[in-house]
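A.B. asks: Below you will find the structure I want to go over with you.
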């Protein structure tokens, strides 16, 4: 379905742990249509000092009987936009654009699915998990964060998962380390057939590499900086390998796909991950889904043309 | 009395004076999910080049106070794709379309202009994005040189005879009127003022530029006073030259500032990222202003700035 602009109402505002705010929004038209992995782009108010919308993947959708479904987003405080959203109260109105992007594809037959998430970037796995479980798929989970406080709502994932492995970088919950440290063993133990991963690019790159070695299909929801969210600004592009089977151009080529419209979910085997990953400053990262890290240092392909500094 | 918002700039007829600025609206397809493209005065499409360009590395943008920096590198699918796919679709929507041409040499500009002329389409006008580096002159940006600006304009005008040509000037020069004069002498039918303002932002945690390309173009309300000044400077010297004012327009008041400074039409840029329906809203606000003030024709407002008394 095509996106629309909706004046959404705040239905609830709660916190998960110390760090994460969750806003449930009544957004008629979006709640009924949105698919796991899609996102919304939220105006933080009629500001002139910071003007861009902030993108958020859908954390959960709550069906309210015959009333419109509410959509829930979750975020931590990263800058002026999220600070403004964190001050929202029930019944406040928020200008929301959505649903945006292409979500996860759901297995056609019963499959053993592994959900892999890092930090607040794990948000879309909850909505995805609900959908997969409804469709009768087995779900296993690997959830990681820098410490126990930053594990996003692990309790709910534990409830839906057959196996739920947690990792923290400081060892305050689950295994000490990163999700990729336990990924291969979890996949082997669970007989994983499909992997769904959300989080910062370096994590996704490592997850994709492990899955490709194991020849397991992996879908990744990437976090890229975006200005518009609906396909016109060309800031959120990801380099993808594209196989062309026909004609004179048969072989491999690189295409720059828009995260906001062709993504944010991509086939992890198609993404060309850059070698150097930089964390962006906190006040900028709220312009990406999940806001973990951004790509950097990728060189344009040969013959790319030399554009101006602007545009 | 119903205010008349229609304007004509050097033969470019617009139902209202508010266009979407190049690079902020694609070729209209995505925005069409949110609005009827006929409601816009016109669509200045994303710049097109002779061959497809894949653009610059990411990160390509960052937010700055009252604006944003971008370094996209004119990622586009080339003039042939525009003529075969985008233009027919836009025409089917009844949109008024302005093509934007970019290139890394005079010859590239000329070849694209030639393709457009040969295609003999319903295209309403052409804007020249000359804020590109000239690979044949040590990467100097065309718009930063009076002579390079003149050469592009003259060469394009020699092949593109059927459409009005607007030169989009850069604010990153010592004297905008000097470049404007050069563009006009070379045959530009009108001017677009302004392109983005060069800027840069640094991530102090990594000690790297926030954009992969280092520098970028600043847009958004932060640059509006620069645009108003540029339009004023040029209009004062050449009051009959049609100007498309652009730079940080979000509201009708913003647009009216540019119009009163001398712009016959305005283009809305970065605001489209926030609200795809920004252009018709700005046009509606201009209509309200005219109705409230008893202004019958928007042309009465162009350059109406009072400088004395």
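The values are calculated or read from the model by the stated rules, or taken from the named source; none is laboratory data. Keep in mind the model is a prediction, meaning the values are calculated, not measured. A quick note on method: Cβ atoms are made from the backbone with ideal geometry, for glycine too, and the neighbour counts reach across all protein chains shown.
A.B. asks: Scan segment B:91-139 for residues that are within 14 Å of another protein chain (Cβ to nearest Cβ), surrounded by 19 or more Cβ atoms within 10 Å (Cβ to Cβ) and in contact with a helix residue (DSSP H, G or I) (Cβ under 7 Å, 6 or more places away or on another chain) and report the count.
C.D. replies: 9
A.B. asks: Working only within segment B:150-170, note down all residues that are within 14 Å of another protein chain (Cβ to nearest Cβ) and free of Cβ contacts under 8 Å to residues at least 60 places away in the same chain. Steps first, answer last, please.
C.D. replies: Filtering segment B:150-170 for residues within 14 Å of another protein chain (Cβ to nearest Cβ) gives B:152, B:168-170.
Once the filter is applied, which keeps residues that are within 14 Å of another protein chain (Cβ to nearest Cβ) and free of Cβ contacts under 8 Å to residues at least 60 places away in the same chain, segment B:150-170 yields B:152, B:170.
A.B. asks: Does at least one position in segment A:56-77 carry a residue that is under 30 Å from residue B:224 (Cα atoms) and within 14 Å of another protein chain (Cβ to nearest Cβ)?
C.D. replies: no
A.B. asks: Taking residue B:210 as the residue in question, decide whether it is surrounded by 24 or more Cβ atoms within 10 Å (Cβ to Cβ) and farther than 30 Å from residue B:33 by Cα. Explain how you work it out, then say what you get.
C.D. replies: Numbers: surrounded by 24 or more Cβ atoms within 10 Å (Cβ to Cβ): yes; farther than 30 Å from residue B:33 by Cα: yes.
So residue B:210 fits the description; yes.
A.B. asks: Moving to a separate point now. For residue A:62, state whether it is surrounded by fewer than 17 Cβ atoms within 10 Å (Cβ to Cβ) and either part of a helix (DSSP H, G or I) or on the phi > 0 side of the Ramachandran plot (or both).
C.D. replies: When the stated conditions are applied, residue A:62 does not pass them.
A.B. asks: For segment B:253-301, name all the residues that are part of a loop (DSSP other than H, G, I, E, B), touching a strand residue (DSSP E or B) at 6+ places or on another chain (Cβ under 8 Å) and more than 26 Å from residue B:30 (Cα to Cα).
C.D. replies: B:262, B:263, B:264, B:296
A.B. asks: While we're looking at this one, here's another question. Going residue by residue through segment B:209-221, is there one that turns out to be closer than 22 Å to residue B:249 by Cα, outside any loop (DSSP other than H, G, I, E, B), at pLDDT 95 or above and more than 14 Å from every other protein chain (Cβ to nearest Cβ)?
C.D. replies: For segment B:209-221, residues closer than 22 Å to residue B:249 by Cα, outside any loop (DSSP other than H, G, I, E, B), at pLDDT 95 or above and more than 14 Å from every other protein chain (Cβ to nearest Cβ): absent.
A.B. asks: Regarding segment A:160-171, can at least one residue be identified that is in the same structural domain as residue A:218 (by TED's automatic domain parsing), under 21 Å from residue A:61 (Cβ atoms) and either surrounded by 15 or more Cβ atoms within 10 Å (Cβ to Cβ) or within 15 Å of the chain's Cα centre (by Cα) (or both)? Lay out the reasoning, then the answer.
C.D. replies: Pass one, segment A:160-171, residues in the same structural domain as residue A:218 (by TED's automatic domain parsing): A:160-171.
Subsequent filtering for residues that are under 21 Å from residue A:61 (Cβ atoms) retains A:160-161.
In the following step, the residues that additionally are either surrounded by 15 or more Cβ atoms within 10 Å (Cβ to Cβ) or within 15 Å of the chain's Cα centre (by Cα) (or both) were identified as A:160-161.
Yes; the residues of segment A:160-171 include at least one that is in the same structural domain as residue A:218 (by TED's automatic domain parsing), under 21 Å from residue A:61 (Cβ atoms) and either surrounded by 15 or more Cβ atoms within 10 Å (Cβ to Cβ) or within 15 Å of the chain's Cα centre (by Cα) (or both).
A.B. asks: Now, a different point. Tally the residues that are surrounded by fewer than 24 Cβ atoms within 10 Å (Cβ to Cβ) and closer than 20 Å to residue B:267 by Cβ, restricting the search to segment B:62-89.
C.D. replies: So the answer is 3.
A.B. asks: Among the residues of segment B:21-40 satisfying the criterion of being more than 19 Å from residue A:98 (Cα to Cα) and under 13 Å from the mean Cα position of the chain (by Cα), which is farthest from the other protein chains (Cβ to nearest Cβ)? First the steps, then the outcome.
C.D. replies: So in segment B:21-40, the residues more than 19 Å from residue A:98 (Cα to Cα) come out as B:21-23, B:27, B:37-40.
Then drop every residue that is not under 13 Å from the mean Cα position of the chain (by Cα), which leaves B:21-23.
Values: B:21: 10, B:22: 7, B:23: 5 Å.
Looking at the filtered set, the residue picked out is B:21.
A.B. asks: For segment A:225-240, which positions are surrounded by fewer than 24 Cβ atoms within 10 Å (Cβ to Cβ) and in a loop (DSSP other than H, G, I, E, B)?
C.D. replies: Step one: of segment A:225-240, the residues surrounded by fewer than 24 Cβ atoms within 10 Å (Cβ to Cβ) are A:231, A:239-240.
Correct list: A:231 only.
A.B. asks: Is there a residue being away from every other protein chain (no Cβ under 14 Å) and either within 17 Å of the chain's Cα centre (by Cα) or within 29 Å of residue B:73 (Cβ to Cβ) (or both) anywhere in segment B:289-300?
C.D. replies: Here is the first cut: in segment B:289-300, the ones away from every other protein chain (no Cβ under 14 Å) are B:289-300.
Pick out the ones that are also either within 17 Å of the chain's Cα centre (by Cα) or within 29 Å of residue B:73 (Cβ to Cβ) (or both) and you get none.
Scanning segment B:289-300, I find no residue that is away from every other protein chain (no Cβ under 14 Å) and either within 17 Å of the chain's Cα centre (by Cα) or within 29 Å of residue B:73 (Cβ to Cβ) (or both), so the answer is no.
A.B. asks: Could you identify the single residue in B:152, B:228 that is in contact with a helix residue (DSSP H, G or I) (Cβ under 6 Å, 6 or more places away or on another chain) and over 18 Å from residue B:47 (Cα atoms)?
C.D. replies: Working: B:152 fails: over 18 Å from residue B:47 (Cα atoms).
Result of the check over B:152, B:228: B:228.
A.B. asks: Let me ask you something else. Of all residues in segment A:200-223, how many are buried (at least 24 other Cβ atoms within 10 Å of the Cβ) and either within 8 Å of chain B (Cβ to nearest Cβ) or free of Cβ contacts under 8 Å to residues at least 60 places away in the same chain (or both)?
C.D. replies: Adding up the residues that qualify gives 3.
A.B. asks: Can you name the residue in segment B:41-61 that is part of a strand (DSSP E or B) and more than 8 Å from every other protein chain (Cβ to nearest Cβ) and, of all such residues, is surrounded by the most Cβ atoms within 10 Å (Cβ to Cβ)?
C.D. replies: Start the filter on segment B:41-61 by keeping residues that are part of a strand (DSSP E or B), which leaves B:42-44, B:48, B:53, B:61.
Among the residues that remain, those that are also more than 8 Å from every other protein chain (Cβ to nearest Cβ) are: B:42-44, B:48.
Details: B:42: 26, B:43: 27, B:44: 31, B:48: 28.
By that ranking, first place goes to B:44.
A.B. asks: Continuing with this model, one more query. For segment A:42-53, which residues satisfy the criterion of being in contact (Cβ under 8 Å) with a residue 24 or more places away in the chain and at the interface with another protein chain (Cβ under 10 Å from one of its Cβ atoms)?
C.D. replies: As a first pass, look at segment A:42-53 and keep what is in contact (Cβ under 8 Å) with a residue 24 or more places away in the chain: A:42-45, A:47, A:49-50, A:52-53.
Within segment A:42-53, A:43, A:47, A:49, A:50, A:52, A:53 meet the criteria.
A.B. asks: For the list (1) at the interface with another protein chain (Cβ under 10 Å from one of its Cβ atoms); (2) in contact (Cβ under 8 Å) with a residue 24 or more places away in the chain; (3) in contact with a strand residue (DSSP E or B) (Cβ under 7 Å, 6 or more places away or on another chain), I need the number of the one condition that residue B:194 fails.
C.D. replies: The single condition residue B:194 does not satisfy is (1).
A.B. asks: If residue B:69 satisfies every condition in (1) within 13 Å of chain A (Cβ to nearest Cβ); (2) in a loop (DSSP other than H, G, I, E, B) but one, which is the exception?
C.D. replies: With (1) within 13 Å of chain A (Cβ to nearest Cβ); (2) in a loop (DSSP other than H, G, I, E, B) applied to residue B:69, the lone miss is (2).
A.B. asks: Now for a separate question. Can you tell me which of (1) in a strand (DSSP E or B); (2) out of contact with any strand residue (DSSP E or B) (no Cβ under 6 Å at 6 or more places or on another chain) is the one residue A:144 doesn't meet?
C.D. replies: Every condition holds for residue A:144 apart from (2).
Let's see how each residue does on (1) out of contact with any helix residue (DSSP H, G or I) (no Cβ under 8 Å at 6 or more places or on another chain); (2) surrounded by fewer than 22 Cβ atoms within 10 Å (Cβ to Cβ); (3) over 30 Å from residue B:67 (Cα atoms):
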| residue | (1), (2), (3) |
| --- | --- |
| A:66 | yes, yes, yes |
| A:73 | yes, no, no |
| A:136 | yes, yes, yes |
| A:145 | no, no, yes |
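A.B. asks: Give the residues of segment A:65-93 that are closer than 23 Å to residue A:223 by Cα and part of a strand (DSSP E or B), sorted by residue number.
C.D. replies: Applying the first criterion (closer than 23 Å to residue A:223 by Cα) to segment A:65-93 yields A:71-86.
A:71, A:72, A:73, A:74, A:75, listed by residue number.
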